[in-house]
1. Select from segment 126-139 the residues that are among the hydrophobic types (A, V, I, L, M, F, W, C) and at pLDDT below 95 and list them in ascending order.
2. Kindly check whether there is at least one residue in segment 182-192 that is exposed (fewer than 14 other Cβ atoms within 10 Å of the Cβ) and acidic (Asp, Glu).
3. Only one of LEU51, LEU34 is outside the structural domain of GLN169 (by TED's automatic domain parsing), at pLDDT 75 or above and surrounded by 15 or more Cβ atoms within 10 Å (Cβ to Cβ). Can you tell me which?
4. Contact list please: Cβ distance under 6 Å, first residue in segment 206-228 and on the phi > 0 side of the Ramachandran plot, second residue assigned to a strand (DSSP E or B) and charged (D, E, K, R), pairs at least six apart or on different chains.
5. Give the residues of segment 134-166 that are free of Cβ contacts under 8 Å to residues at least 24 places away in the same chain and closer than 15 Å to ASP103 by Cα, sorted by residue number.
6. If the Cβ limit is 6 Å and pairs must be 6+ apart or interchain, which residue in segment 80-96 that is in the same structural domain as ARG126 (by TED's automatic domain parsing) and part of a helix (DSSP H, G or I) pairs with which residue that is surrounded by 12 or more Cβ atoms within 10 Å (Cβ to Cβ) and among the aromatic types (Phe, Trp, Tyr)?
7. Among the listed residues ALA178, ALA142, which satisfies the condition of being closer than 23 Å to PHE82 by Cβ, at pLDDT 90 or above and in contact with a Cys (Cβ under 6 Å, 6 or more places away or on another chain)?
8. Name the residues in segment 109-125 that are surrounded by 17 or more Cβ atoms within 10 Å (Cβ to Cβ) and either at pLDDT 95 or above or within 16 Å of ALA178 (Cβ to Cβ) (or both), would you?
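The values are calculated or read from the model by the stated rules, or taken from the named source; none is laboratory data. The structure presented is a predicted model; accordingly, all values stated were derived computationally and were not measured. Cβ atoms come from the backbone with ideal geometry, glycine included; neighbour counts cover every protein chain shown.
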Amino acid sequence: MYYLFIFLYLDFMSWEQLKRDFYSVGTTGLLKDLFIRIVNLFTFFKVLHCLAIEETALHHEIKELHPAYTDRFLTQEEVETFLQDEVTRMPEYVVELGMNKLDDCLGLLDNGRLINYCWYSDLPTRLNRNLEVHFNPEYKYAYRSYTIIPFRGQRLQGLNLYHALKNYQLKGYKGIVAYVDSNNFNSLRSLDHLGFDLFERIIIIKFLNTYYVFKPFGDTPYQFKIQLTDDASKKYKLKTITI
């Protein structure tokens, strides 16, 4: 049974990633992750950790940029340039959607080389082709954060969010909201260290032509909701069930 578990898992990730996750979350966490991955072979299934931050608890030494790094909101021309770079893994559909909504892309750069980026919006944003995230527009929504491989381990994701938070608070926003998949252990650790608070968990599963959304009873100040896109509403249904 043990070897079957290892064999199944290595179909989804490298041996090194498996070892890191095992030391981080143990066997129970890996079994939950494997369950989610297997279900997604047959249908759409997500468990979202919905997070928010208004005041950061990040350690002082992590708040400071490395002297060689700079941070700035990228122009459309810069985004289109980095789109051509395979290393940055900036998907074309994300760029297109972000630019159409006039979203911000905050980049961390090392001598002009993009090493980390994250998109921010105050408008409903796609979760996938058929679903989108709605939230309180008094908050910025963070999505599609990425750090290129040679620079991982420096908490650049958290650093990006910290600098964005300070920038948006100066503009009158209350804070930043985001979601992380429950089996994305690295991002969960990073945002927890930064000071994000978990305000609810949302489960989404698709059965036939209906998306079922399970969420806690009652609302939060963040007004975090999952809805169908306009195009998807012509073909699919969505039912929200409070638990």
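1. LEU127
2. No, segment 182-192 contains no residue that is exposed (fewer than 14 other Cβ atoms within 10 Å of the Cβ) and acidic (Asp, Glu).
3. LEU34
4. No pair meets every condition.
5. Result: PRO137, single match.
6. THR88/PHE82
7. ALA142
8. Listed by number, the residues that qualify are ASN116, TYR117, CYS118, TRP119, TYR120, SER121, ASP122, THR125.
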